[in-house]
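Trainee: What follows is a structure written as structure tokens; I'll ask about it next.
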Amino acid sequence: MAGLAAIILAFICAAVCYTIGMRYLFTKTTIWIMQTTEYALLWIVFLSTTWLLREKGHITTDLVYEHLSEKARQCLDGITFSLGGLACVVLFYYAAAYTCNSIIHGVTDVRGVTVPKWTVFVIIPIGTTFLIIQFFRMAWDRFSVLRTGR
């Protein structure tokens with residue numbers, strides 16, 4: 001999924017360079033670039049966030065964390081990962097409800113290019129599904145370490 005996000009990012013860079021070149025050289029622009037770039041940025045976030053979480057690439061503030069014992073760190077990590085998983089469950093629920101509603105009612109985004117809304121927002125429930133799994137997997141690992149003492 002992170003690889004697909006990288007491909008989309010490369011597409012965004014090429015598309016923006018293309019539209020800048022077209023505007024500069026031929027004073028013509030493409031109307032679909034801005035809209036597509038906005039959608040692509042949303043997709044990049046939800047395609048790559050689970051990988052970033054697994055790799056522990058998020059910013060952390062460890063001012064207090066470094067002064068805790070190893071057992072307290074494991075417990076705090078388990079609680080934090082559980083809360084993150086629960087927050088993603090809530091996000092999944094609302095995103096899935098919105099996506100289903102968009103499919104049922106045929107909601108479209110009418111701007112430069114008319115696009116069915118569900119094709120844009122379907123990545124949110126997909127991405128949060130993987131985030132839920134990863135958060136709870138990491139929480140399980142931390143609580144298992146606490147339980148077994150390893």
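Rule-based calculations on the coordinates, nothing more; no lab input. Remember, predicted model here, so these are calculated numbers, not experimental data. Cβ coordinates were reconstructed from backbone atoms using ideal geometry, including for glycine residues, and neighbour counts include every protein chain displayed.
Trainee: Note down all Cβ pairs under 7 Å where the first residue falls in the stretch 40-62 and is under 25 Å from Ala14 (Cβ atoms), the second is in a loop (DSSP other than H, G, I, E, B) and not polar (S, T, N, Q), and they're at least six residues apart or on different chains.
Mentor: Sorted first by the residue in the stretch 40-62, then by its partner, the pairs are Leu47/Met1; Ser48/Met1; Trp51/Met1; Leu52/His58.
Trainee: Something else: Taking Ile31 as meeting all but one of (1) aliphatic (A, V, I, L, M); (2) free of Cβ contacts under 8 Å to residues at least 60 places away in the same chain; (3) exposed (fewer than 13 other Cβ atoms within 10 Å of the Cβ), write down the number of the exception.
Mentor: Checking Ile31 against (1) aliphatic (A, V, I, L, M); (2) free of Cβ contacts under 8 Å to residues at least 60 places away in the same chain; (3) exposed (fewer than 13 other Cβ atoms within 10 Å of the Cβ), the one that fails is (2).
Trainee: Would you mind telling me which numbered condition in (1) without any contact (Cβ under 8 Å) to a residue 24 or more places away in the chain; (2) in contact with an Asp or Glu (Cβ under 6 Å, 6 or more places away or on another chain); (3) over 30 Å from Gln35 (Cα atoms) Ser144 fails?
Mentor: The single condition Ser144 does not satisfy is (2).
Trainee: Are there any pairs with C-beta distances below 8 angstrom linking a residue in the stretch 103-122 that is closer than 22 Å to Leu91 by Cα and without any contact (Cβ under 8 Å) to a residue 24 or more places away in the chain to a residue that is hydroxyl-bearing (Ser, Thr, Tyr) and surrounded by fewer than 13 Cβ atoms within 10 Å (Cβ to Cβ), with the two at least 6 apart or on different chains, and if so which?
Mentor: What qualifies is Thr108/Thr114.
Trainee: Are any residues in the stretch 81-99 in contact with a helix residue (DSSP H, G or I) (Cβ under 8 Å, 6 or more places away or on another chain), without any contact (Cβ under 8 Å) to a residue 60 or more places away in the chain and not small (Gly, Ala, Ser), and if so, which ones?
Mentor: Selection gives Cys88, Val89, Leu91, Phe92, Tyr98, Thr99.
Trainee: So Gly57 clears everything in (1) closer than 25 Å to Thr129 by Cα; (2) part of a helix (DSSP H, G or I) except one condition, right? Which one?
Mentor: Looking at each condition in turn, Gly57 falls short on (2).
Trainee: Restricting the search to the stretch 98-143, which residues are hydroxyl-bearing (Ser, Thr, Tyr) and closer than 19 Å to Lys56 by Cα?
Mentor: Selection gives Thr128, Thr129.
Trainee: Which one is surrounded by the fewest Cβ atoms within 10 Å (Cβ to Cβ), of the residues in the stretch 86-131 that are of a type in the set (S, T, N, Q) and under 20 Å from Trp51 (Cα atoms)?
Mentor: For the stretch 86-131, the residue satisfying everything is Thr129.
Trainee: Kindly indicate whether Arg73 is touching a Ser or Thr at 6+ places or on another chain (Cβ under 9 Å), without any contact (Cβ under 8 Å) to a residue 60 or more places away in the chain and over 22 Å from Ile123 (Cα atoms).
Mentor: Spelling it out, it is not the case that Arg73 is touching a Ser or Thr at 6+ places or on another chain (Cβ under 9 Å), without any contact (Cβ under 8 Å) to a residue 60 or more places away in the chain and over 22 Å from Ile123 (Cα atoms).
Trainee: Test Ile8 against the stated conditions and say whether it is under 21 Å from Val113 (Cα atoms), β-branched (Val, Ile, Thr), in a helix (DSSP H, G or I) and within 17 Å of the chain's Cα centre (by Cα).
Mentor: Yes, satisfied.
Trainee: Is the stretch 72-88 home to any residue that is part of a helix (DSSP H, G or I), out of contact with any Phe, Trp or Tyr (no Cβ under 6 Å at 6 or more places or on another chain) and over 26 Å from Arg142 (Cβ atoms)?
Mentor: no
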